[in-house]
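Some notes on the structure that comes next.
Computed from the coordinates by the stated procedures, all read-outs in this text should not be read as laboratory data. Being a predicted model, the structure only gives us computed values, none of them experimental. All Cβ positions, even for glycine, are placed from backbone atoms using ideal geometry, and neighbour counts span all protein chains on display.
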């Protein structure tokens, strides 16, 4: 299993889950997490849903900052 505290796991959160912004090692970590959880039948959890969203190029559903521009003092992006 992939170490959930590995730098790659944290980097995915900062990228907002967008595949283009993610380095290949981080993307591979999320793929391993998804594949492992599927293999053991543990897909009904937030960690699995997060991995799937990130691998599909969608925003990280648990990145509380994904809807804000840096330095925007809380203003939402359109």
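Some observations on this one:
- Remark: 23, 60 ranked as 23, 60, counting other beta-carbon atoms within 10 Å and listing the fewest first.
- Neighbour-count order for 54, 33, fewest beta carbons within 10 angstrom listed first: 33, 54
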